[in-house]
1. Name the pairs whose Cβ atoms lie under 8 Å apart, with the first residue in the stretch 41-67 and in contact (Cβ under 8 Å) with a residue 12 or more places away in the chain, the second among the acidic types (D, E) and within 15 Å of the ligand (Cβ to nearest atom), and 6 or more positions between them or separate chains?
2. Could you list all residues from the stretch 115-144 that are in contact (Cβ under 8 Å) with a residue 24 or more places away in the chain, in a helix (DSSP H, G or I) and of a type outside the set (G, A, S)?
3. Which one is surrounded by the most Cβ atoms within 10 Å (Cβ to Cβ) among residues in the stretch 52-84 that are charged (D, E, K, R) and not in a loop (DSSP other than H, G, I, E, B)?
4. Of all the residues that make up the stretch 26-44, how many are surrounded by fewer than 23 Cβ atoms within 10 Å (Cβ to Cβ), near the ligand (Cβ under 7 Å from one of its atoms) and under 12 Å from A188 (Cβ atoms)?
5. Please state which of the following conditions P54 fails to meet, knowing it meets all the rest: (1) away from the ligand (no atom under 13 Å from the Cβ); (2) more than 27 Å from D201 (Cβ to Cβ).
6. What are the residue pairs meeting all of these: first residue in the stretch 26-40, first residue over 16 Å from Y199 (Cα atoms), second residue among the hydroxyl-bearing types (S, T, Y) and surrounded by fewer than 22 Cβ atoms within 10 Å (Cβ to Cβ), Cβ atoms under 8 Å, and 6 or more apart or on different chains?
7. Evaluate the following for I116: is it closer than 22 Å to L172 by Cβ, among the β-branched types (V, I, T) and more than 21 Å from the chain's Cα centre (by Cα)?
8. I'd like the residue in the stretch 1-23 that is among the hydrophobic types (A, V, I, L, M, F, W, C) and away from the ligand (no atom under 15 Å from the Cβ) and, out of all such residues, is surrounded by the fewest Cβ atoms within 10 Å (Cβ to Cβ).
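Nothing in this text is a laboratory measurement; each read-out follows from the coordinates by a stated rule. The structure presented is a predicted model; accordingly, all values stated were derived computationally and were not measured. No Cβ is skipped: glycine too gets one built from the backbone with ideal geometry, and neighbour counts run over all protein chains shown.
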Amino acid sequence: MKSLSIDNLAVTVGRKLVLEKVEAHFWGGEFSAILGPNGAGKTTLLKAVMGIIPSDGKVNSSGGDGKKLAPSAFSYLCQLNKSSCQLTVFEFVLLGFVHQLGWNVTFEQEQKAESILIYLGLINLAPRQFSQLSGGQQQLVSLAQALVAEPDVLLLDEPTSALDLRHQVQILDLVRQYTRARGIITIAVLHDLSLAARYCDHLLLLSDGVVQHSGKPQDVLDSERLSQIYQVQVNVGCCVHGHTHVTPIRILDTD
Ligand SMILES: Nc1ncnc2c1ncn2[C@@H]1O[C@H](COP(=O)(O)OP(=O)(O)OP(=O)(O)O)[C@@H](O)[C@H]1O
């Protein structure tokens, strides 16, 4: 089974310690979420795992055959920034092969780009200019780019932040199915605690650069813990379908 382990990870930006003593383990076939308030260090953690910012400590990965995963096995969808990139949607998705692209795009790469656009229900957008898409459409196409090279580790930073309710459900469903079917490791930063509980197998709750708790959604999403971390009184309940949901009640006085 594929695995990813983070041991005693720390990140310092300038003179600020942004992440400290992070320990976490992720397994193939599991969809995990990183949760926490703004500025907690969630994006920094994804970037450290991706190796695009320096960190202390260890990030070890295994492809299940005992071999360490190559950098090309990792795919990272960054937070949405509306882009004016002058490419068609199809060309933008092909950029997901950045580790493999030569002077000529292969027929197989084109077929994979077409397949992933069909899988995500985006094939009608293929000839459009990426810059002319709405924010939500750009986010969906960026997910296609992250998936096209069939990563073993998929890191998604707020992948549903610009999506309407239907697309949030569609994408989280697809990502969970894809993760399980291919046995890959998927880690997403999410702000919606109820959606994280609904779709994820494992949650990691960060606050002030420190892991406060990790485990199954029903264990991590404790009302007292969430109230303390977010400074919001919350009610954690279970709906008739058996899913944990978190309802905010009121902001707590910080005095
Ligand atoms: N390049 C940088 N220079 C200075 N400080 C930085 C830099 N990058 C991140 N930080 C700081 O590190 C902390 C964690 O930032 P990070 O982006 O990881 O938070 P986050 O949990 O992803 O927040 P959000 O939910 O708002 O996206 C913040 O205090 C932020 O200001």
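1. G41/D208; K42/D157; T43/D157; L46/D157
2. Within the stretch 115-144, I116, L117, Y119, L125, F130, Q138, Q139, L140, V141, L143 meet the criteria.
3. That would be D56.
4. Result for the stretch 26-44: 1.
5. Unmet condition: (1).
6. Once the first residue is over 16 Å from Y199 (Cα atoms) and sits in the stretch 26-40, its partners that are among the hydroxyl-bearing types (S, T, Y) and surrounded by fewer than 22 Cβ atoms within 10 Å (Cβ to Cβ) give G36/S207; P37/S207; P37/Y230; A40/S207.
7. no
8. Just the residues of the stretch 1-23 that are among the hydrophobic types (A, V, I, L, M, F, W, C), to begin with: 1, 4, 6, 9-11, 13, 17-19, 22.
Now drop any that are not away from the ligand (no atom under 15 Å from the Cβ), which leaves 1, 4.
Working: M1: 11, L4: 22.
The qualifying residue surrounded by the fewest Cβ atoms within 10 Å (Cβ to Cβ) is M1.
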